[in-house]
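The structure that follows is given in the form of structure tokens.
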Amino acid sequence: MGVQERREREREARRQLVLDATRKLVRERGFTATTTKEIAKACELSEATLFWYFQSKDEIFTSLLYQGIELMRSGLEEIATSKREPRHQLAQLWRFFAEVREQQPEYFHVFGTLANPAATAAVSEDVKAEILRRSGDNLRRCAELVRACVGAKDARIAADLFWAAFVGLMVLRDSRVNLGADAHPDERELRVAFELLLEGVAHDRHGAAR
């Protein structure tokens, strides 16, 4: 291995260390409240050194976003290749959302940050276009999974509905916890929500399966 290649590998390893530390901080307090000074301290770096690995907090944000999108892509493709009956695949999809939210909630924090106009104010148009392309590809993968239940015409909006319903339920649960209430919907209630949602999209107005 040449000197240049070794340096690049070391730099990539350090960048990953920074992202891992950021994920932990985001899990605790959200991305907006996490500062580069805190990230640098968690990595035992000076803030100036941190900016040698990432030019800005925005670059850290987009790097985490790409990681989260890739995680979702991998899970969606695994579900798609399972070759199970369509309703079982939709149940897998819902469980996959829940597993990611439970095990790596920081990615949901980062996804949610996109709804804040300030989050992408300093992001280049090229990067925005790439985020849109990658996330759009994932929504198309979701649409392929739900198409067998709802038909090709409504597949995209049904995919949006599944994702938005899950994210909305998580926002509601987090809000309750932050106000000192019990954490719900709990696991059982999430299963009920899925069944209610599925019955709504998998049946026509007269209650007959599509």
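The values are calculated or read from the model by the stated rules, or taken from the named source; none is laboratory data. No experiment lies behind these values; they were computed from the predicted model shown. A quick note on method: Cβ atoms are made from the backbone with ideal geometry, for glycine too, and the neighbour counts reach across all protein chains shown.
Within 18 Å of Leu90 (Cα to Cα) and surrounded by fewer than 16 Cβ atoms within 10 Å (Cβ to Cβ) - does that describe any residue in the range 125-132?
Checked against the condition, which is being within 18 Å of Leu90 (Cα to Cα) and surrounded by fewer than 16 Cβ atoms within 10 Å (Cβ to Cβ), the range 125-132 yields no hits at all.
Sticking with this structure for a sec: When you look at Phe162, is it surrounded by 11 or more Cβ atoms within 10 Å (Cβ to Cβ), part of a helix (DSSP H, G or I), aromatic (Phe, Trp, Tyr) and modelled with pLDDT of 95 or more, yes or no?
no
Another question about this same structure. If Cys149 meets every condition in (1) surrounded by 10 or more Cβ atoms within 10 Å (Cβ to Cβ); (2) free of Cβ contacts under 8 Å to residues at least 12 places away in the same chain apart from one, which number is that one?
The one condition Cys149 does not meet is (2).
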